[in-house]
Amino acid sequence: MTVTAPASAETQPDLLPAVTTLRDEVATTTLPLDLPGAAQAQDARLELLRQLDDYILPRLSSLDAPLLAVVGGSTGSGKSTLVNSLVGAVVSAPGVLRPTTRSPVLVHHPADEQWFTPSRILPELARSSGGTAVEGGSTVQLVSSSTLPPGLALLDAPDIDSVVEHNRQLARQLLGAADLWLFVTTAARYADAVPWELLRQASERGTSVAVVLNRVPKEAVPVIREHLGSMLKEQGLGTAPIFTVAETALGADGILPPDQIARLQSWLSALAKDARARALVVRQTLTGALDSLDPRIQGLVQASSAQVSARTELDRAAQAAYLEATEGVGAGMSDGSLLRGEVLARWQEFVGTGEFFRQVESTVSKVRDRIVAGFRGEPVSSVHLDEALHSGVAELVRAEGQGAATVASRAWRALAGGASMLQAHPELTRVSPGFDASVVSLVHDWQGDVLDLVRHEGKDRRTTAKITAYGVNAVGTVLMLVTFAYTGGLTGAEVGIAGGTAVLGQKLLEAIFGDQAVRTMAARAKEALLDRVEAAYAGERDRFSAALDAAALRSDQARTLAAAAAAVRAAR
């Protein structure tokens with residue numbers, strides 16, 4: 001494998017800041033919506049973030065730090081025994097129970113303690129010393145040993161195929177922090193699928209790899225070694241050295257005979273003592289890790305874009321549902337539906353049902369004059385009609401609001417990421433607890449708006465006198481009724497009001513204010529109601545937006561992530 005070493009930190013002054021910025025972008029990138037592939041993208045993001053924290057940034061910051069060789073492999077492959085044998089003492093306790101290595105053990109020369117005591121690498125793991133493994137895998141045991149040459153550290157990792165998921169994840173994390181992966185396998189398990197998945201990943205990312213073929217029957221060494229070598233070559237690891245340890249009895253202390261590890265020990269010592277050779281291994285892995293950033297970041301950018309697009313679609317669906325509800329209220333104000341039933345009965349009661357129908361063939365002016373004469377001196381009460389109108393409008397606004405919550409919820413269930421959002425926020429499937437009360441208040445306030453319109457138009461003395469004949473409340477109530485029947489100048493039968501009832505209301509208002517004024521007042525009254533309805537629905541719709549905002553998804557994260565990756569490329 002040809003290695004192109006990156007330039008030193010001195011000739012690449014912008015690289016470390018660029019990678020640091022990239023790391024921050026990866027850390028703040030979120031994938032909260034349950035989209036296809038989001039879980040895998042999240043795992044990839046965490047793996048990338050850990051490698052940046054555990055290896056790339058610390059190695060860029062200190063190219064001269066000791067070489068870290070992570071000893072990894074399958075359950076029972078003899079990793080801990082190998083580490084103990086290389087050190088010449090039991091520093092990592094092997095065992096027959098599965099999983100065996102439960103907590104990582106890092107062995108270093110005393111002179112190199114400064115590189116590992118602080119959280120320069122593996123900042124997520126606490127440090128402990130004393131040589132005794134700690135259960136749980138959240139601590140890395142630091143062991144100082146003068147038998148290791150300065151410039152080299154060995155880290156005994158948990159099993160890559162451990163029955164404990166945490167151990168498997170930790171093993172992968174530790175391999176991502178390695179300058180050199182010392183892969184330990186056995187004659188019986190060297191072709192297992194799990195290790196080869198990680199070996200392929202190591203090859204793709206340019207990680208330096210050496211293989212220890214352990215517990216091999218002496219007569220089978222040539223055949224197995226040749227087969228393993230061909231498999232490594234197929235995966236692009238043809239230059240990876242292979243060290244063979246024959247099946248042999250361990251010493252009383254559980255350590256391999258010196259002759260079985262002599263070649264591996266000599267190779268590791270040479271790496272530690274030869275600064276140039278050590279730098280080549282380090283830089284090969286570092287270059288591979290940097291090269292791997294682009295495709296991994298691109299995958300994260302795509303996942304981020306999908307998240308932002310899905311959020312936009314969910315937000316649009318909620319917006320559309322409440323816009324449709326507002327339009328539904330507008331339609332309900334114009335199609336005559338509010339003027340049937342109770343409202344119609346109260347209106348006919350208000351104007352005098354029997355008298356009205358006896359005069360239905362007469363001119364509107366005569367009916368109007370008769371009613372004016374009847375009310376002169378004592379304004380007519382519009383309480384019952386006013387209450388009927390209030391109930392009708394409130395029910396319309398309430399029904400459309402409830403429908404909008406249902407429509408928005410149904411749309412979310414059909415959109416990517418929406419179903420899980422509704423599971424987290426089941427309250428969105430119905431109106432808010434205070435919605436009904438707010439609707440009652442809304443209609444009451446709107447009726448006040450209509451009365452203000454009447455008072456404003458009745459400022460002159462002549463109009464004031466006419467209004468007084470009926471009373472402000474009665475005139476306001478008639479204006480509300482006409483507002484619901486007024487569609488381009490057409491009232492009466494054309495909007496479904498029996499017997500042309502609304503014609504009378506319109507003519508009464510025209511007699512007081514004039515034709516154009518009535519048109520203007522009706523339009524303003526309708527606009528005032530729709531404005532209040534829109535504001536009320538905005539509050540309901542904002543619950544959906546708040547749920548999306550709570551997911552903490554930055555709308556620009558894909559763009560800033562791609563820009564940070566581009567800055568790293570430019571700095572190399």
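Label sites at Ser555 and Arg455, each approximated as a point 7 angstrom past Cα along Cα to Cβ, lie 4.2 nm apart.
Considering all C-alpha pairs of segment 244-288, those separated by over 11 Å amount to 71%.
How would segment 139-243 be classified by its alpha-carbon gyration tensor: rounded, prolate or oblate, with rounded meaning a/c under 1.5 and the a/b versus b/c comparison settling the rest?
Values: a/c = 1.56, a/b = 1.35, b/c = 1.15.
Note, shape of segment 139-243 comes out prolate.
Between Asp43 and Glu247, what is the FRET efficiency for a Förster distance of 56 Å, r being their Cβ-Cβ separation, to the nearest 0.05? Can you show the working numbers first?
On the way: r = 38 Å, r/R0 = 0.67.
That gives a FRET efficiency of 0.90.
Geometric descriptor of segment 186-294, per residue, is 119 Å³ (volume of the convex hull of the Cα atoms).
With semi-axes defined as the square roots of five times the eigenvalues of the C-alpha gyration tensor, the equivalent ellipsoid of segment 522-572 measures 46, 14, 4 Å, largest first. Listed by chain and number, the aspartates and glutamates placed with their C-alpha closer than 18 angstrom to that of Lys507 are Glu349, Glu355, Glu361, Asp369, Glu457, Glu494, Asp515; residues fewer than eight positions away on the same chain are left out. At the listed q of 0.14, 0.21 Å⁻¹, the Debye profile of segment 258-323, built from one uniform point per Cα, gives log10 I(q)/I(0) equal to -0.67, -0.89. Applying 1/(1 + (r/R0)^6) with R0 = 25 Å to the Cβ-Cβ distance of Trp196 and Lys218 gives a FRET efficiency near 0.50. For segment 421-450, the residues whose backbone nitrogen is under 15 Å from a point 7 Å from the Cα of Glu342, taken along Cα to Cβ, are 440-441, 443-444. Length, then width, then depth: along the principal axes, the Cα atoms of segment 18-72 run 43, 30, 9 Å.
Expected output is a single nm value to one decimal: the length gained when fully extending between Glu313 and Thr147, i.e. 0.36 nm times separation in residues minus the C-alpha distance. What is it? Walk me through the intermediate numbers first.
Values: separation 166, 0.36 × 166 = 59.76 nm, distance 6.21 nm.
Working it through step by step, the gained length comes to 53.5 nm.
Sorting the segments 407-414, 51-58, 474-481 by their residues' average number of neighbouring beta-carbon atoms within 10 angstrom, most packed first, yields 474-481, 51-58, 407-414. Annotation: for a label point projected 7 angstrom from Cα along Cα→Cβ of Leu415, residues of segment 531-551 with backbone N closer than 19 Å are 537-551. Taking θ as phi - 60° and the Karplus parameters 6.51, -1.76 and 1.60, the scalar couplings of segment 189-200 work out to 10, 5, 9, 4, 5, 4, x, 6, 4, 6, 5, 4 Hz in sequence order, x denoting glycine and proline. Less than 5 angstrom separates the built amide H of Thr30 from those of Arg554, all sequence-distant by 5 or more or on a different chain. Here the contact order of segment 154-313, divided by its residue count and restricted to Cα pairs under 8 Å and six or more residues apart, works out to 22 percent. A crude spin-label estimate for the pair Gln423 and Ala89, with each label 7 Å from Cα along the Cβ direction, gives 5.2 nm. Note on Thr30 and Ala331: the model spin-label points, each 7 Å out from Cα along the C-beta direction, lie 3.7 nm apart.
Using the Karplus relation 6.51 cos²θ - 1.76 cosθ + 1.60 with θ = phi - 60°, the per-residue 3J(HN,Hα) values for segment 53-61 come to 6, 7, 9, 4, 5, x, 6, 4, 6 Hz, with x marking Gly and Pro.
Let me know the volume per residue of the alpha-carbon convex hull for segment 153-197, in Å³. Let's see the in-between values first.
Numbers: hull volume 3.8 nm³, N = 45.
Per residue, the Cα convex hull of segment 153-197 comes to 84 Å³.
Only the coordinates and a few stated rules stand behind these numbers; no lab work does. Quantities reported herein were computed from a predicted structural model and do not represent experimental measurements. Ideal geometry is used to build each Cβ from the backbone, glycine not excepted, and the neighbour counts take in all protein chains shown.
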